[in-house]
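My questions will all concern the structure given below.
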């Protein structure tokens, strides 16, 4: 159970504000302005308000912060009463939030969660849509019964909804609005719901809720929530890929932040991200993958990789709606980001230290088989899946450890530990029989040029037969060094 859900469970006092029934008046002469009549109290009534993180985490309650802007037929609401700031106070539902009807709009504060309750009915489902970013995964939140006890969601009922996961299957590239099919289904006896994630500044949400009365009648609510501005310091996010770029099947999606994203806010950031994959004709492809937070360098780095290599000849669409999303106690995302790139042919390099050969397959067909020289025993090449990072027709290699500076041609970087595939005419006589390099894969000039011309960012290069293996330290791209189970643990989502 996440920290945020645990916090919501702890907020029983707050939940009581959401779920307690409105008492009828004992004064038979009470006016409609003073209290609802017994007859009116039997009608279903939705209430929406905000819940602060402090209240959720401490179990204390806070005074309502919403301001309803009802339409002509909006129901009247009672003003707060009682000690709403005392942790031990459990006022009734009229002391929290506003009674709302379809068509109403409310103003809530950024950085707080939203709470929804219904009197005289039980919740059936809830949809919370951020209008400018409909691809964001559903916030399943936490449901509660009339006694303030948290309820376990029906996993079968939620199976069709869009939920954040550490191993999501990528969605369709469609950016159409959320539909009722993506609503979060409430467990039986649900009277209230509190979101897991905070509301984002300068945003507009649509809240849709359905409740069922004891007579089986369904009552629907559709209302809008506007969220105010933030004074948090902006933190940029950028990606190393470019729109319309074609990459290899091992290319990770890389997000680099302008500073460090605090660990307690990483789930808020990650759950908003989406990755969609289609074939060349636009047909949806299912690809299992996960985001992973790599070690800070010193800025935060967030990568996405699929469980297996990307399917060749695919199109990938990435949505990163992080503007005004909290990234720390006093910082927010500076910008939104979108990215559309393509996966090219499946080209895989395999280099074997023991056989002294390098082969290249393209879409399952071998297109190159070269004699090579890999790392000498004192400076070995590393086992593991490397990734093509960059290439240069002319490059000067330097090493403080081995005290050399050498100009080479047709250099393809496969790791930032110094491993390249490059032309090495000086070792041509032993290529195919001995390993004499400082860790690189040596080829003749002609063969190196041929491979160089075929290589693109993200191509996998798999080295085997060495006595040492790649580690996850000191690397810009170590995504494929992790096992899939290890990689999933780098996600901030449960």
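The values are calculated or read from the model by the stated rules, or taken from the named source; none is laboratory data. What you see is a predicted model, and the numbers here were worked out from it, not measured in a lab. Reconstructed Cβ throughout: ideal geometry from the backbone, glycine too, with neighbour counts over all protein chains shown.
Just for region 470-494: of the residues that are touching a residue at least 24 places away in the same chain (Cβ under 8 Å) and assigned to a helix (DSSP H, G or I), which one is nearest to residue 460 (Cα to Cα)?
Once the filter is applied, the top-ranked residue is 480.
Within region 346-355, track down each residue that is crowded, with 18+ Cβ neighbours inside 10 Å and closer than 23 Å to residue 309 by Cα.
Listed by number, the residues that qualify are 346, 347, 348, 349, 351.
Here's another thing I want to ask about it. Take the residues of region 315-326 that are assigned to a strand (DSSP E or B) and more than 13 Å from the chain's Cα centre (by Cα): which is farthest from residue 279 (Cα to Cα)?
326
Being crowded, with 21+ Cβ neighbours inside 10 Å and at positive phi is the filter here, so list the residues in region 457-494 that pass it.
458
While we're on this one: Please go through region 357-388 and give me each residue that is crowded, with 21+ Cβ neighbours inside 10 Å and either in the same structural domain as residue 312 (by TED's automatic domain parsing) or assigned to a loop (DSSP other than H, G, I, E, B) (or both), ordered by number.
Selection gives 372, 374, 381, 382, 388.
Tell me the strands (runs of 3 or more DSSP E) entirely within region 390-434 that contain at least 2 residues that are surrounded by fewer than 13 Cβ atoms within 10 Å (Cβ to Cβ).
Filter on region 390-434 gives 390-399, 404-413.
Now for a separate question. Within region 301-316, count every residue that is under 25 Å from residue 478 (Cβ atoms) and out of contact with any helix residue (DSSP H, G or I) (no Cβ under 8 Å at 6 or more places or on another chain).
Residues flagged as under 25 Å from residue 478 (Cβ atoms) and out of contact with any helix residue (DSSP H, G or I) (no Cβ under 8 Å at 6 or more places or on another chain) within region 301-316 amount to 10.
Same structure, new question: Whether any residue in region 409-430 is more than 21 Å from residue 459 (Cβ to Cβ) and touching a residue at least 24 places away in the same chain (Cβ under 8 Å) is what I want to check.
Yes, there is a match, as at least one residue in region 409-430 is more than 21 Å from residue 459 (Cβ to Cβ) and touching a residue at least 24 places away in the same chain (Cβ under 8 Å).
On to the next question. I'm trying to understand the selection: among the residues of region 117-145, which are surrounded by fewer than 20 Cβ atoms within 10 Å (Cβ to Cβ), over 21 Å from the mean Cα position of the chain (by Cα) and not in a strand (DSSP E or B)?
Selection gives 120, 145.
For residues in region 265-294 being free of Cβ contacts under 8 Å to residues at least 40 places away in the same chain and touching a strand residue (DSSP E or B) at 6+ places or on another chain (Cβ under 9 Å), which is farthest from residue 328 (Cα to Cα)?
By that ranking, first place goes to 280.
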